[in-house]
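Notes for the one structure printed next.
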Amino acid sequence: MRAPIFAGQIEKGKLVLENPQRYLVHLSKFEGKKVELVLRKRRSKRSDGQNRYYWAVVIEILADHCGYDPEEMHEALKLKFLSDRCVDENGLVKIRSTAALNTDEFIQYTNRVVRFAAQDLGVYIPDPNQFEY
């Protein structure tokens with residue numbers, strides 16, 4: 001099971017949690033146990049608008065052009081643009097999930113897909129502000 005993530009910010013050298021009560025409940029489960037704490041800058045997830053544009057515009061147009069269903073198109077694009085191209089010790093290629101991309105990474109990914117569509121496939125994909133989705 002994945003550990004919960006607790007968000008907050010640092011103010012004058014102190015951690016101020018967004019939901020301290022939830023944190024305290026979770027913390028109580030570790031009484032008397034050794035623990036480790038990981039602290040990192042919060043990653044912003046992609047917005048619902050980005051996600052709708054990607055699936056309703058980018059994926060739909062390319063899937064129609066290529067003859068794929070939307071999920072096949074999504075998987076093909078992830079393989080092309082999000083695989084690290086390195087085979088691991090098990091002989092497998094690691095492919096990142098688009099859900100793990102932050103806002104900026106998702107914009108870069110979508111821009112690469114749109115450029116690929118135009119340059120390699122001759123397919124025009126309208127900008128997000130040019131399309132109702």
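Just so you know, all these numbers are worked out from the coordinates, no wet-lab data involved. Keep in mind the model is a prediction, meaning the values are calculated, not measured. Note that we place each Cβ from the backbone using ideal geometry, even for glycine, and neighbour counts take in every protein chain shown.
Report ³J(HN,Hα) in whole Hz for each residue of the stretch 16-33, in order, from the Karplus equation J = 6.51 cos²θ - 1.76 cosθ + 1.60 where θ = phi - 60°; Gly and Pro get x.
For the stretch 16-33, the Karplus-derived couplings read 10, 7, 6, 9, x, 5, 4, 4, 5, 4, 5, 4, 4, 5, 9, 3, x, 10 Hz, x marking Gly and Pro.
Run the simple label-point estimate for A100 and Y23 please: 7 Å along Cα→C-beta, distance reported in nm.
According to this spin-label approximation, the distance is 2.6 nm.
Pop out the ³J(HN,Hα) list for the stretch 124-129 in order, Karplus 6.51 cos²θ - 1.76 cosθ + 1.60 with θ = phi - 60°, rounded to Hz; leave Gly and Pro as x.
Karplus values, whole Hz, x for Gly and Pro: 8, 10, x, 5, x, 7.
Under unit Cβ charges (Lys, Arg +1; Asp, Glu -1), what dipole magnitude, rounded to 20 debye, does the stretch 48-130 have relative to its Cα centre?
I would put it at about 240 debye.
Go through the stretch 78-133 and name the GluC sites (Glu not before Pro) that are in a DSSP coil and have 16 or fewer other Cβ atoms within 10 Å of their Cβ.
Counting only loop positions with at most 16 other Cβ atoms within 10 Å, the GluC sites (Glu not before Pro) in the stretch 78-133 are E89, E132.
Given I95, A56, V38, which one lies farthest toward the positive end of the charge dipole of the chain, if we put +1 on the Cβ of every Lys and Arg and -1 on the Cβ of every Asp and Glu?
Value computed over the given set: V38.
When 1/r is averaged over all different Cα pairs and the result inverted, which Kirkwood radius in Å belongs to the stretch 48-130?
About 13.4 Å, per the Kirkwood formula over Cα pairs.
For the pair Q130 and V35, how long in nm is the line joining their label points, each one 7 Å along Cα→Cβ?
Reported label-point gap for Q130 and V35 is 5.1 nm.
Would you mind checking which residues have amide H under 5 Å from G8's amide H? H placed 1.01 Å from N; only 5 or more apart, or other chain.
It is E18, by chain and number.
Can you tell me the length gained on complete extension of the stretch E75 to V123, counting 0.36 nm per residue apart and subtracting the Cα distance?
Full-extension gain reported as 15.4 nm.
Relative contact order for the stretch 15-133: what is it in percent, counting Cα pairs under 8 Å that are at least 6 residues apart?
Computed over the stretch 15-133, the figure is 28 percent.
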